[in-house]
Amino acid sequence: MGIYVYMLGLRRGPYDKAELQEMWNRGQLPKDALYWHDTMSRWAVISDLFANTGMAPSLPIDNGNAESMTFPPAS
């Protein structure tokens, strides 16, 4: 999928997501740059594309066993 970036008054691309991820990691993309690909109806802020990188998804809470859980005493 080709992703286009709009920054500094210019449209650039297409890039693949891995290329953009590398550029993002090196600080080459401003957080307010816009991105778009052909399945999107409008441009979006590029920081949204990488908002969840480096974070593991949260696990669902299992309330069924909450009462039986034991924890080590606080030191």
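Rule-based calculations on the coordinates, nothing more; no lab input. Predicted model, so just to flag it, every value in this text is computed and none were measured. Cβ placement follows ideal geometry from the backbone for every residue including glycine, while neighbour counts extend to all protein chains displayed.
If Lys and Arg each add +1 and Asp and Glu each add -1, what is the summed charge of the other residues whose beta carbon sits under 15 Å from the beta carbon of Trp24? Walk me through the intermediate numbers first.
Working: positive: Arg12, Lys17, Arg26, Lys31; negative: Asp16, Glu19, Glu22, Asp32, Asp48.
Residues close to Trp24 contribute a combined charge of -1.
Enumerate the calculated ³J(HN,Hα) couplings along the range 8-17 in order (Karplus 6.51 cos²θ - 1.76 cosθ + 1.60, θ = phi - 60°), each rounded to whole Hz, writing x wherever the residue is Gly or Pro.
6, x, 10, 8, 10, x, x, 10, 8, 4
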